[in-house]
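Heads up, the thing below is written out as structure tokens.
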Amino acid sequence: MKLAAVIGLLLGIAGPNLNPEAQHRFAEESRRSAWDSGIETVHASPNDEVSVGPLEAYQEALAVLRREYAGTVINDKQITKLTYAAIQGALSALNDPFTGFLDPDDWLSMQQTTQGSFEGIGAVLEPFGRDVRVVRPIPGSPAFKAGLKPGDIIFSVGTHDPDTGKLIKTTPTLGTDINTVVKLIKGPRGTKVTVTVLRNGVSNPIRFVIVRQNIEPPVVSYWMEDQDRKIGRIVLNEFNERADSQFERAWNDLKRQGLKALIFDLRFNPGGLFDVAVRIGSRFIEQGPLVIVQEKNGQRHTLYASSRVPKIGDIPLVVLINESSASASEIVAGAIKDHKRGILVGQHTFGKGLVQTIFPLADGSALRLTTSKYFTPSGHDINNKYDEEHRPLFGTGGIKPDIEVEQSPDWVDQQFEDKEHDTQLKKALEVLRTQMTARAR
């Protein structure tokens, strides 16, 4: 999973283990081979019988372009730019919004994000059909303070001069891939960016001028929600590299305070790393299947709850979910529901049952490819169906809550301190108090 603005992808990492010297040699040999192949084929007569595959045709096109093009000088930098664009174009033809190409800057940015910090505005973004939308602004971030809201579609991004702060360029972003949008929004702290969004129910685009800051999103927040009944609450914002250790720290601290029941809040959690989801999910499931993974050849295998992680135990449990709970969140929520380990309260989840794997390439770029899909332990297909514009048809996948509760329109999105209007939280507390009373009899 969660890019710089964290993307809700379920991710694994794969790829060649090349040292820098080998990477350089590999890149040079590949480039030399491409040019040699191209130069050899340009001398062929149209009447010659030559069998040319698409890769050879691409190499030949680059060679002709470099030799004959009368416009911009086609140097090595331009060739790299053209090649990256060609790879991105090829992947976009797959019509998979979660598959894409990461240039070296994008790949570095993603690694920094999964480690927990970055410079930007603090908005979690995701692909939405051919567009990009806001999953949530991180509480306390510049995006949150400016007024971005979940569901906002990124309409355009304005670039400002870093010295004067003057707006110098506006880039339309409808139909633009998420890597490009993230790159436009990110930038050094203290600099400005203009983000214009389309919002449901508002006729005209809304424009925000935001000053970037260093973002260190809280992965886990926790407290005793009901001090008298000892009902604790853990809010998990994403499944990144810090999530499991911070979850364990929160759990241990709540236990020291006398925890007797738990609310596990996965609302607005877009997902993240697959192995982290498995570790955290294993804390709730004593034993048995946790998730079923289907590979590209259709073969399925079952991952079981790990016995190596500390278990939560048999305390009353409610999991809060909503339409922005996705991917890794759905793995954990689905396992808890299928094992009847806790009660799911809230709204139908997003419905992303696909696993992406990152394949690093020799020049520092990477491919992000959908490599498998997953099902809950009972075999439920989480993944949504999509319309012709590749927008998810909500409700065709995802996890249905045991108790469906619409959120109050007066609730301030993601202001978890607003307990007065949080109807889902109120229902969670009601369910747990009822269970605790029944157990005490």
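The values are calculated or read from the model by the stated rules, or taken from the named source; none is laboratory data. The structure displayed is predicted, hence computed values, not measured ones. All Cβ positions, glycine included, derive from the backbone under ideal geometry; neighbour counts span all protein chains shown.
A few notes on this one:
- Condition met for Ile215 (at pLDDT below 95 and of a type in the set (Val, Ile, Thr)): yes
- Checked against the criterion of being part of a loop (DSSP other than H, G, I, E, B), out of contact with any Ser or Thr (no Cβ under 7 Å at 6 or more places or on another chain) and surrounded by 24 or more Cβ atoms within 10 Å (Cβ to Cβ), the candidates Ser307, Ser324 yield just one match: Ser324.
- Residue list for the stretch 190-204, filter: surrounded by 13 or more Cβ atoms within 10 Å (Cβ to Cβ) and either part of a loop (DSSP other than H, G, I, E, B) or out of contact with any helix residue (DSSP H, G or I) (no Cβ under 7 Å at 6 or more places or on another chain) (or both): Thr191, Lys192, Thr194, Thr196, Val197, Leu198, Arg199
- Any hit, the stretch 279-299, residues being in the same structural domain as Val412 (by TED's automatic domain parsing), out of contact with any helix residue (DSSP H, G or I) (no Cβ under 8 Å at 6 or more places or on another chain) and among the aromatic types (Phe, Trp, Tyr): no
- Asp381 passes every criterion in (1) buried (at least 19 other Cβ atoms within 10 Å of the Cβ); (2) over 25 Å from Leu432 (Cα atoms); (3) touching a strand residue (DSSP E or B) at 6+ places or on another chain (Cβ under 7 Å) apart from (1).
- Exclusive hit being of a type in the set (Val, Ile, Thr), assigned to a loop (DSSP other than H, G, I, E, B) and either modelled with pLDDT of 95 or more or under 26 Å from Glu225 (Cα atoms) (or both), set Thr349, Thr302: Thr349
- Selection status of Thr434, assigned by TED's automatic domain parsing to the domain that holds Gly334, out of contact with any helix residue (DSSP H, G or I) (no Cβ under 7 Å at 6 or more places or on another chain) and either surrounded by 12 or more Cβ atoms within 10 Å (Cβ to Cβ) or outside any helix (DSSP H, G or I) (or both): no
Yes or no, residue by residue, for (1) in the same structural domain as Pro360 (by TED's automatic domain parsing); (2) at pLDDT 90 or above; (3) farther than 15 Å from Asp363 by Cα; (4) not acidic (Asp, Glu):
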{"site": "Ala22", "(1), (2), (3), (4)": "no, no, no, yes"}
{"site": "Ala27", "(1), (2), (3), (4)": "no, no, no, yes"}
{"site": "Ser33", "(1), (2), (3), (4)": "no, no, yes, yes"}
{"site": "His43", "(1), (2), (3), (4)": "no, no, yes, yes"}
{"site": "Thr83", "(1), (2), (3), (4)": "no, yes, no, yes"}
{"site": "Ala86", "(1), (2), (3), (4)": "no, yes, yes, yes"}
{"site": "Pro104", "(1), (2), (3), (4)": "no, yes, no, yes"}
